[in-house]
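**Student:** The structure under discussion is supplied below as structure tokens; questions concerning it will follow.
The values are calculated or read from the model by the stated rules, or taken from the named source; none is laboratory data. Just so it is clear, the structure is predicted and the values come from calculations on it, not from any experiment. Note: ideal-geometry Cβ built from the backbone for every residue, glycine included; neighbour counts use all protein chains shown. Side chains are part of the model used for accessible areas, which takes the heavy atoms of the whole protein and leaves out ligands, DNA and RNA. Shrake-Rupley method; radii C 1.70, N 1.55, O 1.52, S 1.80 Å.
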Amino acid sequence: MNTQTTNTILLIDDEPDILELLEITLLRMGLAVDSADCVATAKQKLADNQYQLCLTDMRLPDGDGLELVKLLQSDYPETPVAMITAFGSVETAIDALKAGAFDFLSKPIDLAQLRELVENALQLGPAPSTEEPDDSSEFLGKTPVMQALRQRIHKLARSQAPIYIQGESGSGKERVARLIHQLGPRADGPFVPVNCAAIPADLMESEFFGYKKGSFSGATADKIGLFQAAENGTLFLDEIADLPLGMQVKLLRAIQEKSVRPIGAQAEIPVNVRILSATHKNLQKAVESNLFREDLYYRINVIEVQVPSLRDRADDIPQLVAVLLQKIASEYQLPAPRLSRSALEGLKTYSFPGNVRELENILERALTLCEGELIELSDLKLSEQSKAGHKADMLDAIEVENYDSEDPSQSLEEYLADIEKKAILKALDETRWNRTAAAKKLGISFRALRYRLQKLGLDQDT
């Protein structure tokens, strides 16, 4: 087999004019080009040579491009393949992406989009190993569902297909999106996450697409939108199910046309962005209830990734606990405690409606409550986790019914922090800054006091 080191692209099309246009463009990019006019010739060339990218037409004299996409996926997984489809053939493009195509181009071919596609594909490099788990806590674990998820993330990172990430709150959907971005050819570009549920409906268009100076009252300068901010990178649309129907129409057009029109602009601006989306809701049911557009659903849901709940991987909890406790203890400069056997069993049988995020919160709280270096089951307060606003110690039990901060900009959380700080300082003053005595006076453990001093920034001189 030829072991060439230059970047060589294989072009497969039976139309001489298309081949000539593609070849001239790629040669001007400093690339070597090989060509084939049918499936049989393409298969022979793939067997005899090594290519860095394959561009194939959908319709060929002796078959179709999908056959070649599947062949490359199975026999030449290191070689990305892009499909050339007829104008408006969205279904064909989606079929190609589902079969494993890196990306697609529509006829008539936009040369700027062609160059972008080729540049992205050549940045892929070799497929990364999936043997070692990612170092983020959400993706530690050796359960089959986690091994399968890691393998899927690494595979999808090598594609440009829109991906829909489904999972419960706290399961790590944004982390999945970030990993897909970081492991893919857009890693050097921006990753722009946006919570669709957090944007007021009347501001959505300006947030997504930007606006021009003077386009409305208050538009004192040009502003770029989220699509432009994510140029050459990834736009992650979290909680996409909460988009109003009117915005769904505009989003669909932006994705299909790969361009946006800022408010007040006369022309559309091309954008090169990969779309990843997620929600904890059932998007299929939203479509059936006419709350989410079916055409947008199929556009963003070319490939679906299911993030498992913590309940589905309970055997990973011991490893997660060890890593999270070390992380939390390190943040507050405390020795990392251990979990008793009963505490660990309690966690393994708990339902975890908040998944990994909830586990971290439980452990952080338990670290402040436990006496000594061992966290007991009672320190976890698992029976209280489903009750909103539960209170674990004396400082958390401060009454706020008469909350009336003198500072109107001060949030309730800031107000409570002020009260907590004053209570701690008062106890320290009364005990001549003897922290053991102050903790006893406050009715909390010495460890809990150390944690709160660190959290409130009161430990520098203590």
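**Student:** Starting from the residue with the highest accessible area, list T220, T431 in decreasing order, probe 1.4 Å.
**Tutor:** The ranking, largest first, comes out as T220, T431.
**Student:** Got a number for carbon plus sulfur as a percent of the chain's accessible area, 1.4 Å probe?
**Tutor:** Percent of accessible area from carbon and sulfur atoms in the chain: 48.
**Student:** I've got another one for you. Two-decimal Rg/Rh of the stretch 7-103 from alpha-carbon positions, Kirkwood Rh?
**Tutor:** Taking Rh as the inverse mean 1/r over Cα pairs, Rg/Rh reads 0.93.
**Student:** Moving to a separate point now. Taking 7 Å along the Cα-to-C-beta vector as the label spot, tell me the Q266-E288 distance in nanometres, rounded to one decimal.
**Tutor:** Roughly 5.0 nm, to one decimal.
**Student:** Report, ordered by chain and residue number, the lysines lying within cross-link reach of K281, taken as a straight Cα distance under 24 Å and ignoring same-chain residues fewer than 8 apart.
**Tutor:** Answer for K281, where 24 Å is the Cα cut-off: K98, K173, K250, K387, listed by chain and number.
**Student:** Express in nm, to one decimal, how much length is gained between D295 and S169 on full extension, taking 0.36 nm for each residue of separation and deducting their alpha carbon distance.
**Tutor:** So the chain would gain 42.8 nm between D295 and S169.
**Student:** How big is the chain in terms of Cα radius of gyration and Dmax, in angstroms?
**Tutor:** 27.6, 90
**Student:** Given R₀ = 56 Å, FRET efficiency for T25-D429 by Cβ-Cβ distance, to 0.05?
**Tutor:** With a Förster radius of 56 Å, E is 0.15.
**Student:** Now for a separate question. Could you pull the accessible area for E288 with a 1.4 Å probe, rounded to 10 Å²?
**Tutor:** 130 Å²
**Student:** Each residue of the stretch 75-80 in order: what ³J(HN,Hα) in whole Hz does its phi give by Karplus 6.51 cos²θ - 1.76 cosθ + 1.60, θ = phi - 60°, with x for Gly and Pro?
**Tutor:** 9, 9, x, 6, 9, x
**Student:** Tally the DSSP beta bridges in the chain and give the antiparallel ones as a percent, rounded to 5.
**Tutor:** Bridges in the chain that DSSP calls antiparallel: roughly 15 percent.
**Student:** Which one, V192, I300, G63, projects farthest toward the positive side of the charge dipole computed for the chain from Cβ point charges (K/R +1, D/E -1)?
**Tutor:** The listed residue farthest towards the positive side: V192.
**Student:** Tell me, in nm to one decimal, what length is gained between R59 and N361 on full extension, where the rule is 0.36 nm per residue of separation less the Cα-Cα distance?
**Tutor:** Residue separation times 0.36 nm, minus the Cα-Cα distance, leaves 103.2 nm.
**Student:** Kindly report the accessible area of the chain per residue (heavy atoms of protein chains, probe 1.4 Å, no ligands, DNA or RNA), in Å².
**Tutor:** Accessible area per residue, the chain: 50 Å².
**Student:** E15: accessible area at probe 1.4 Å, nearest 10 Å²?
**Tutor:** Roughly 80 Å² of E15 is accessible to a 1.4 Å probe.
**Student:** Right, next: Which FRET efficiency value, to the nearest 0.05, is calculated for D48 and K98 with the Förster distance at 25 angstrom and r the Cβ-Cβ distance?
**Tutor:** E(calc), rounded to 0.05, equals 0.30.
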